[in-house]
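Read the structure below first, then the notes.
Readers should treat all values here as calculations from the given coordinates under stated rules, not as data from a laboratory. All values derive from a computational prediction rather than experimental measurement. Cβ placement follows ideal geometry from the backbone for every residue including glycine, while neighbour counts extend to all protein chains displayed.
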Amino acid sequence: MYSYIKGVISEIGADYVTLDNAGVGYKINTPNPYQFHINDIVTMHIYQKVAEDEISLYGFTTSDERDLFLKLISVNGIGPKSAKAILAAGSVSSITSAIEQGNAKFLQKFPGIGPKASQQIILDLQGKIDLSGTAGLRNDSIAEVDDALQALGYNQKEIRKVIAKLDSSKPTSELVKDALKLMLK
């Protein structure tokens with residue numbers, strides 16, 4: 001129902017912040033509430049969980065972080081609490097890389113994630129995480145190259161390999177040409 005809420009941080013708790021928006025305080029569960037400060041003006045990308053006995057809001061600093069959270073909670077045995085712990089301790093790019101590389105040991109470092117859970121995350125998500133908008137990995141030109149390659153029918157695994165080799169300081173048009181040359185090798 002919500003995509004994002006913009007407001008002022010009015011309270012910080014152990015696992016949540018209260019975001020004041022037009023005089024309404026939204027209690028938003030977040031992976032790392034201590035990254036915020038009272039009176040910060042922030043935009044929180046929101047996931048609303050509706051269950052029989054609760055309605056909760058989960059907030060993230062980027063849409064990529066929210067999208068990874070949604071992917072993680074789609075895994076059998078991983079709930080919002082575990083997904084939040086994973087995101088609190090790791091970056092989107094490191095978590096995504098570990099999943100794509102099948103690095104179960106990396107995933108087991110997170111609280112509540114044992115051998116079975118880490119294998120299940122890899123099994124369910126490997127090859128299914130789209131990095132096209134990941135803020136930590138991309139600038140606008142690289143994101144545009146990713147979009148162009150997707151439009152040409154290349155899959156994310158192929159695209160990630162090529163994009164890692166590009167010089168992001170070049171103009172987008174040159175990056176697309178370079179990427180296509182690398183795809184043809």
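Straight Cα distances below 19 angstrom link Lys165 to the aspartates and glutamates Glu100, Asp130, Asp140, Glu144, Asp146, Asp147, Glu174, Asp178, with same-chain residues fewer than 8 positions distant left out. Remark: Met44, Met183 ranked as Met183, Met44, counting other beta-carbon atoms within 10 Å and listing the fewest first.
Relative to the longest principal axis of the Cα atoms of the chain, the long axis of helix 80-89 lies at roughly 60 degrees. Shown for Asp178, Asp67, Asp167: other C-beta atoms within 10 Å of each C-beta, ranked fewest to most, produce the order Asp167, Asp178, Asp67. Across the chain, C-alpha contacts under 8 Å between residues 6 or more apart give a mean separation that, scaled by the residue count, equals a relative contact order of 13 percent.
With a cut-off of 15 Å between beta carbons, the residues surrounding Thr18 carry a summed charge of -2, where Lys and Arg count +1 and Asp and Glu -1. As a calculated quantity, the FRET efficiency between Glu144 and Glu52 at R0 = 35 Å, using C-beta atoms, amounts to about 0.20. Using only side-chain charges placed at the Cβ, +1 for Lys and Arg and -1 for Asp and Glu, the dipole size of the chain relative to its Cα centre rounds to 720 debye. Note on region 142-185: with charges restricted to the Cβ of Lys and Arg (+1) and Asp and Glu (-1), its dipole about the Cα centre is near 260 debye.
Under the convention that each Lys and Arg Cβ holds +1 and each Asp and Glu Cβ holds -1, the size of the dipole of region 1-109 around its Cα centre is about 280 debye.
Model label points for Ser63 and Ala89, set 7 angstrom from Cα along the Cα-to-Cβ axis, are 3.0 nm apart.
Each Lys or Arg adds one and each Asp or Glu takes one away; over the other residues whose Cβ falls under 13 Å from the Cβ of Tyr34, this sums to -3. Here the calculated FRET efficiency for Tyr34 and Asn103, from their Cβ-Cβ distance with R0 = 41 Å, stands at 0.90, rounded to the nearest 0.05.
Between Asp167 and Met1, full extension at 0.36 nm per residue minus the direct alpha carbon distance yields a gain of 55.9 nm.
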